[in-house]
Amino acid sequence: MEFNNLLVAIEDKIAQITINRPKQLNALNKETIAELHEALKALSSNEEVRVVLLTGSGEKSFVAGADIKEFADFGVNEGTELAAKGQESLFDYIENYCKPVIAAVNGFALGGGLELAMACQVRIASDNAKLGLPEVTLGLIPGYGGTQRLAQLVGKGRAMEMILSAQMIKADRAYEMGLVNHVVPQEELLASCQSLASKMALNSPNAIHAAIKSVNAGFKEGMDGYKVEIEEFGKCFGTADFVEGTTAFMEKRKPQF
Ligand code: CO8
């Protein structure tokens, strides 16, 4: 897969997507958002890929936000459209993706960059990472799901404080708040993400997708998460993965999914 702003590599069932605009601290312009969607879409139907790692190039920044230069002269309609399209094509798409997406937060995760990390199923940060939603300093608010997902992850009071103060927090604080799952030294970041990804890659892809759908259902307006869980649980019984998983258990061997 060839892209202008991304590098994509696949190894041992794990795809790594690296956002590759280091001079702009990997800021998300429209083309990068479109390419991320395209890359993820292609990987969704690739059965050899079980987990996706998402990171930024260089040692300084995961993603320093949406590309401010691109929307500096926008009006109300263009701003609304930018947020709506981005949410649908990338942020919601990742949240509801059929495979786990792990954000390897290797530096600044600001604005749209933190929103991107928050849309992923799991976040692991390097010890130099700084996270924040500085949009109010620009006369904006988070527009890629940040007002919702930050409150879900860390609670309303902490989300309000981060959004209204626009202050960045360090990786350790993000860990204490539950905003990232782990903090590791920068040189170990990718290996840590790969280690977690390789554990996920051993499990039933069908069950993983069902689990993602069920967990997310509890956070969706008008959806009953318990009901979705029952439906998804039931559907698992009709899959080859269920037959393989239970047979392997009885035969005292590891399942091959
Ligand atoms: N957009 C565009 N360019 C950026 C961005 C960005 N978000 N962040 C950094 N860059 C560029 C800088 O302009 C600079 O380029 P140049 O050398 O051509 O001037 C280059 O990256 C390096 O940046 P700095 O020289 O500023 O590096 P520092 O180490 O001094 O500072 C910071 C690093 C603190 C990360 C600083 O760059 C910064 O504050 N960046 C902006 C952070 C920010 O405000 N992010 C939020 C953006 S708004 C947003 O994400 C909205 C999301 C919701 C959108 C909904 C639809 C619109």
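The values are calculated or read from the model by the stated rules, or taken from the named source; none is laboratory data. Note that the coordinates shown come from a computational prediction; the quantities given were computed from them, not determined experimentally. When we count neighbours, we look across all protein chains shown, and the Cβ atoms used for this are built from the backbone with ideal geometry, even at glycine. Please note that ligands, DNA and RNA were not included when accessible areas were found on the heavy atoms of the full protein model with its side chains. Shrake-Rupley method; radii C 1.70, N 1.55, O 1.52, S 1.80 Å.
Given H placed on each backbone N at 1.01 Å, which residues far from Asp127 in sequence or on other chains put an amide H within less than 5 Å of it? Under 5 Å from the amide H of Asp127: Val184, Gln186. Checking the Cα-Cα distances for Lys199/Lys254; Lys213/Lys235; Lys41/Lys213; Lys23/Lys69; Lys85/Lys170 against a 19 Å cut-off, the pairs over it are Lys85/Lys170. FRET efficiency for the pair Cys98 and Ile10, taken as 1/(1 + (r/R0)^6) with r the Cβ-Cβ distance and R0 = 25 Å, rounds to 0.95.
If you plug the beta carbon distance of Met160 and Val243 into 1/(1 + (r/R0)^6) with R0 = 41 Å, you get a FRET efficiency near 0.25. Taking a point 7 Å from the Cα of Arg173 along the Cα-to-Cβ direction, the residues of region 113-128 with backbone N closer than 17 Å to it are 114-115, 125-128.
Sorted from greatest to least, the principal axis extents spanned by the alpha carbons of region 205-250 come out as 40, 15, 13 Å. Multiplying the residue separation of Ile230 and Ala84 by 0.36 nm and subtracting their alpha-carbon distance yields 49.4 nm.
By the Kirkwood approach, averaging reciprocal distances over each pair of separate Cα atoms, region 1-43 gets a hydrodynamic radius of 10.7 Å.
Using every pair of distinct Cα positions in region 165-255, the Kirkwood expression returns a hydrodynamic radius of 16.3 angstrom.
Treating only the Cβ of Lys, Arg, Asp and Glu as charged (+1, +1, -1, -1), what charge dipole size does the chain show about its Cα centre? Round to the nearest 20 debye. Here the chain has a charge dipole of around 520 debye. Seen against the Cα atoms of the chain and their longest principal axis, helix 156-165 is set at about 30 degrees. State the extension gain, in nm to one decimal, for the chain segment bounded by Glu251 and Lys199, taking 0.36 nm per residue of separation less the distance between their alpha-carbons. Full extension of this stretch gives 16.6 nm more.
Averaged per residue, the chain has 53 square angstrom of accessible surface, using a 1.4 angstrom probe with ligands and nucleic acids left out.
Rg and Dmax over the alpha-carbon atoms of region 6-201 stand at 15.5, 46 Å.
Dividing the radius of gyration of the alpha carbons in region 8-123 by their Kirkwood radius gives 0.97 for Rg/Rh. What dipole magnitude, in Debye to the nearest 20, does region 93-164 give about its Cα centre under +1 on Lys/Arg Cβ and -1 on Asp/Glu Cβ? Charge dipole of region 93-164: 140 debye, to the nearest 20.
Shown are Ile124, Ile141, whose ranking by accessible area with a 1.4 Å probe and every protein chain present, most to least, is Ile141, Ile124.
Surface calculation, 1.4 Å probe, protein heavy atoms: Met200 sits at approximately 40 Å² accessible. Placing pseudo-labels 7 Å out from each Cα toward the beta carbon at Glu31 and Thr137 gives an inter-label distance of 2.7 nm.
Taking the C-alpha atoms only, the angle from helix 76-86 to the longest principal axis of the chain is near 30 degrees. Seen from Gly146, the other residues with C-beta closer than 12 Å to its C-beta sum to a net charge of -1, counting Lys and Arg as +1 and Asp and Glu as -1.
Look at the alpha carbon pairs under 8 Å that are at least 6 residues apart: their mean separation over the length of region 6-201 gives a relative contact order of 21 percent.
To the nearest 10, the accessible area of His182 is 90 Å² with a 1.4 Å probe. Relative contact order for region 167-257: 20 percent, from Cα pairs under 8 Å spaced at least 6 residues apart, divided by residue count.
Taking Cα atoms only, the orientation of helix 225-236 departs from the longest principal axis of the chain by about 40 degrees.
Compactness of region 140-192, taken as the C-alpha radius of gyration over 2.2 N^0.38 Å, stands at 1.26.
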